[in-house]
Ligand SMILES: [Zn+2]
């Protein structure tokens, strides 16, 4: 039985400064140590609950954050970017999925590093008419492969917002509660370890009782993206399936969430490059 764990950084405990988020940031080594610890506690708990393989998708920034020198033999690490269906690549074939260090969607009030995929590019994303977080889109990918999401740990705002609303069966573990985009309170790592171990146990029990549901998007999928700049929408609409709605907003339809995700990634990469081009050349 395989578990799949997608790990982001902004929703991890104590991550409060921009310096935590970039590989050259002055607090980055602290951030990756915390991310590694939290992830391994969950992997160990899953192994104790009967999962003989734990796939871990390092899913923040360049996606090479988790320290890999001392991993148990049942752990596999997915590293590096770009990759198709970015934060949830390789989820097919897993029995259950867990998301760690997840954060609230772009535009959320008082939520650390609120964003959706790319804070330098995206104002908001709607999927089938609903404002979507990374959690929701990644859970739809899991659902496409009939994998239930059983636990989400991260910013309290995300947990009470998208997770409670769209996936009430999911075990929710708050790792931080935010005062602002750059300030939050977290319990000690000791308490977090206990909370995570207990929550993994409850999540796996629910899963074994068949109470973990599959979250599915309806198909075809309509994706609307509002960019932060008109030049980004100028680039996005070069793709024939993309329709321009207004200066900064585009919409497209895809056959399923996998196709929708791949197009989203392409548009984000194109928009980011367009913005960079204008700044530096
Ligand atoms: Zn991230």
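It is to be established whether one or more residues within segment 11-19 are more than 14 Å from the ligand (Cβ to nearest atom), in a helix (DSSP H, G or I) and free of Cβ contacts under 8 Å to residues at least 24 places away in the same chain. Looking for residues that are more than 14 Å from the ligand (Cβ to nearest atom), in a helix (DSSP H, G or I) and free of Cβ contacts under 8 Å to residues at least 24 places away in the same chain, one finds at least one in segment 11-19, hence yes.
Return the residues of segment 72-114 that are closer than 16 Å to residue 261 by Cα and not in a loop (DSSP other than H, G, I, E, B); say none if nothing qualifies. Correct list: 86, 87, 88.
Please indicate, with yes or no, whether at least one residue in segment 207-218 is over 23 Å from the mean Cα position of the chain (by Cα) and farther than 30 Å from residue 149 by Cβ. No, every residue in segment 207-218 fails to be over 23 Å from the mean Cα position of the chain (by Cα) and farther than 30 Å from residue 149 by Cβ. Just so you know, in segment 48-75 the residues that are without any contact (Cβ under 8 Å) to a residue 40 or more places away in the chain and buried (at least 18 other Cβ atoms within 10 Å of the Cβ) include one that is nearest to the ligand (Cβ to nearest atom), and it is 63. Here the condition is being free of Cβ contacts under 8 Å to residues at least 24 places away in the same chain and out of contact with any helix residue (DSSP H, G or I) (no Cβ under 7 Å at 6 or more places or on another chain); of 222, 198, it holds for 198 alone.
Being within 26 Å of residue 95 (Cα to Cα), touching a residue at least 60 places away in the same chain (Cβ under 8 Å), under 16 Å from the mean Cα position of the chain (by Cα) and surrounded by 22 or more Cβ atoms within 10 Å (Cβ to Cβ) is a property that residue 153 has. The residues in segment 266-281 that are buried (at least 18 other Cβ atoms within 10 Å of the Cβ) and within 25 Å of residue 142 (Cα to Cα) can be counted, and the count is 2.
Okay, residues lined up against (1) more than 13 Å from the ligand (Cβ to nearest atom); (2) surrounded by fewer than 24 Cβ atoms within 10 Å (Cβ to Cβ):
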position: 24; (1), (2): yes, yes
position: 40; (1), (2): yes, yes
position: 80; (1), (2): yes, yes
position: 89; (1), (2): yes, yes
position: 99; (1), (2): no, no
position: 108; (1), (2): yes, yes
position: 114; (1), (2): no, yes
position: 120; (1), (2): no, yes
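When residue 150 is tested against (1) assigned by TED's automatic domain parsing to the domain that holds residue 45; (2) within 16 Å of the ligand (Cβ to nearest atom), only condition (2) is not met.
The values are calculated or read from the model by the stated rules, or taken from the named source; none is laboratory data. Source: prediction; values computed, not measured. Cβ sites come from the backbone with ideal geometry, for glycine too, and all protein chains shown count toward neighbours.
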